[in-house]
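Colleague: Handing you this structure, nothing more for now.
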């Protein structure tokens, strides 16, 4: 029989079953034979049928958590991950919602190896905060997951990792070429084998057509010239009138090119770029890349759509988090995971 007492914002269990509950679930902290639990852990145990609570005690615990928007998400995750999937874990530490031991590990033998941050499907996910959570988890040598709780109480989990994408293609072609502008597009009519061999542009109607980002990259590296120098020198500034993220996109494009990738439009996949580590004539693209800044907010529905689409075409989703101040790009992979 387990006795229950309330102490500030904690719940204390005492009795012979405490150690067994702790050993099987990892919930709470075992102190002098008593189990100190969070309100969420207590309710999860109750709903899983592991403990019994008197109605007045249950109501008081509910009251303690009623104003915390994270309560219900945490209870659902505890029941899902520990009640059904035989993980062990507990609430916290802040700013994370749940920490987990893997199935084979024992509570008390070491700290949990997995940190989880939970979001409701209506919440914005701030990119800067997401990166901070990831960096903190990596600093402490933890795996980082996010869980998104939909309106029916189902939870979808995603593994979030930092990646260092490296390609095997030549970054910069040799030679100098002359081009002309048609609107915002540069065309090259002279023979330009070196450009085509390094996968710049697309040949149409006997001309090589370069995208604005390709044009800017080649201009910076003194590979292309034109009689319309003023247009070429201001191409990104003019495009900024229509696309406020064009500078961030170019920063990512340039970074990926210098890392040895072939970078092409990802529009047909709902992404900013599709990226090849190797020869596009011999392999499919490896990544779908979406450009974001640390100030951006992502809707959970957008993350779900991006991950599902990338998975359906056998590619990995990368979020390229840009910092225009120091021209830095952090790459985050987001993948569906079934714990």
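Colleague: Give me Rg over Rh for the chain, both radii from the alpha carbons and Rh done the Kirkwood way, two decimal places.
Modeller: My calculation of the ratio gives 1.14.
Colleague: Give or take rounding to whole Å, what are the principal axis extents of the alpha carbon atoms in region 164-203, in descending order?
Modeller: 36, 21, 16
Colleague: Okay, next question. Report, for region 219-316, the % of DSSP beta bridges that are antiparallel, rounded to 5.
Modeller: 90 percent
Colleague: Can you sort 138, 239 from fewest to most other Cβ atoms within 10 Å of each residue's own Cβ?
Modeller: 138, 239
Colleague: In the calculated pair distance distribution of region 170-243, what percentage of Cα-Cα distances lie above 17 Å?
Modeller: Result: 36 percent of Cα pairs exceed 17 Å.
Colleague: Largest first and to the nearest Å, give the Cα extent of region 274-318 along each principal axis.
Modeller: Here the Cα extents, ordered largest to smallest, are 37, 21, 9 Å.
Colleague: Separate question: Starting from the Cα-Cα distance between residue 66 and residue 140, subtract it from 0.36 nm times their residue separation and give me the gain in nm to one decimal.
Modeller: 23.5 nm
Colleague: Please give the contour-minus-distance gain from residue 284 to residue 52: 0.36 nm per residue of separation, less the Cα-Cα distance, rounded to one decimal in nm.
Modeller: That works out to 77.9 nm of additional length.
Colleague: Place the peptides 194-203, 65-74, 212-221 in order of packing, highest mean first, counting for every residue the other Cβ atoms within 10 Å and averaging per peptide.
Modeller: 212-221, 194-203, 65-74
Colleague: When only C-alpha pairs under 8 Å and at least 6 residues apart count, what is the relative contact order of region 170-243, in percent?
Modeller: Over region 170-243, the number comes to 33 percent.
Colleague: Now, a different point. What number, in percent, do you get for the relative contact order of the chain if the mean sequence gap of Cα pairs under 8 Å and at least 6 apart is divided by its residue count?
Modeller: Averaging sequence separation for qualifying contacts and normalising by length gives 13 percent for the chain.
Colleague: Compute the relative contact order of region 205-339 as a whole-number percentage, counting only Cα pairs closer than 8 Å that sit 6 or more residues apart in sequence.
Modeller: Relative CO of region 205-339 lands at 16 percent.
Colleague: Quick one: among 264, 55, 88, which has the greatest mean-square fluctuation in a GNM of the chain with alpha-carbon springs under 10 angstrom?
Modeller: Of the options given, 55 has the highest mean-square fluctuation.
Colleague: Given R₀ = 56 Å, what would the calculated FRET efficiency be for residue 172 paired with residue 106, taking r from the Cβ atoms and rounding to 0.05?
Modeller: 0.55
Colleague: Give the distance, in whole Å, between the Cα centre of region 3-25 and the Cα centre of region 49-100.
Modeller: What the calculation gives is 13 Å, centre to centre.
Colleague: Report the FRET efficiency, 1/(1 + (r/R0)^6), for residue 123 and residue 19, where r is their Cβ-Cβ distance and R0 is 35 Å, rounded to 0.05.
Modeller: According to the calculation, E is roughly 0.40.
Colleague: Here's another thing I want to ask about it. Between residue 220 and residue 335, what is the label-to-label distance in nm when each label sits 7 Å out along the Cα-to-Cβ direction?
Modeller: 2.9 nm
Colleague: Roughly speaking, what is the stretch gain from residue 10 to residue 85, that is 0.36 nm per residue apart minus the C-alpha to C-alpha distance, in nm to one decimal?
Modeller: Extending this stretch completely gives an extra 24.5 nm.
Colleague: Where both partners of a DSSP beta bridge lie in the chain, what percent of those bridges are antiparallel, to the nearest 5?
Modeller: Antiparallel bridges make up about 75 percent of those DSSP assigns within the chain.
Rule-based calculations on the coordinates, nothing more; no lab input. Small disclaimer: the values here were computed from a predicted structure and weren't measured. A quick note on method: Cβ atoms are made from the backbone with ideal geometry, for glycine too, and the neighbour counts reach across all protein chains shown.
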